[in-house]
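**Student:** Have a look at this one.
Rule-based calculations on the coordinates, nothing more; no lab input. Predicted, not measured: the structure shown is a model, and the values here were computed from it. When we count neighbours, we look across all protein chains shown, and the Cβ atoms used for this are built from the backbone with ideal geometry, even at glycine.
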Amino acid sequence: MAYKIEHDRPNCIGCGACAAVCPKHWVMGEDGKSDIVASKMRDDGWEELEVEDSEFDCNMEAAKSCPVNVIHLTKKDSGEKLI
């Protein structure tokens, strides 16, 4: 199953929790905000990336660790928002 990660980068506070718990997919940008590795930047400033089952747990942990809830995971096939 595929999942979509969406990151509301404009509202990211740069705490670094996502990069700490899931460094394979999250890094801190030069401006102090986090970035999804290899993501696509949307016109609204949000980042998005599709990931497979093997990458789900790490990214769910990143989303749960975010104190301002700017990381969202959605099931690609159904559109069900998981977080």
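**Student:** How about the range 29-58: which of its residues are closer than 14 Å to residue 75 by Cβ, touching a Lys or Arg at 6+ places or on another chain (Cβ under 9 Å) and not acidic (Asp, Glu)?
**Tutor:** Selection gives 51 alone.
**Student:** Continuing with the same structure: Taking only the range 21-60 into account, find how many residues are over 13 Å from residue 8 (Cα atoms) and either hydrophobic (A, V, I, L, M, F, W, C) or surrounded by 17 or more Cβ atoms within 10 Å (Cβ to Cβ) (or both).
**Tutor:** 14
**Student:** State whether the residues of the range 63-83 include one that is assigned to a helix (DSSP H, G or I) and small (Gly, Ala, Ser).
**Tutor:** Yes, the range 63-83 contains a residue that is assigned to a helix (DSSP H, G or I) and small (Gly, Ala, Ser).
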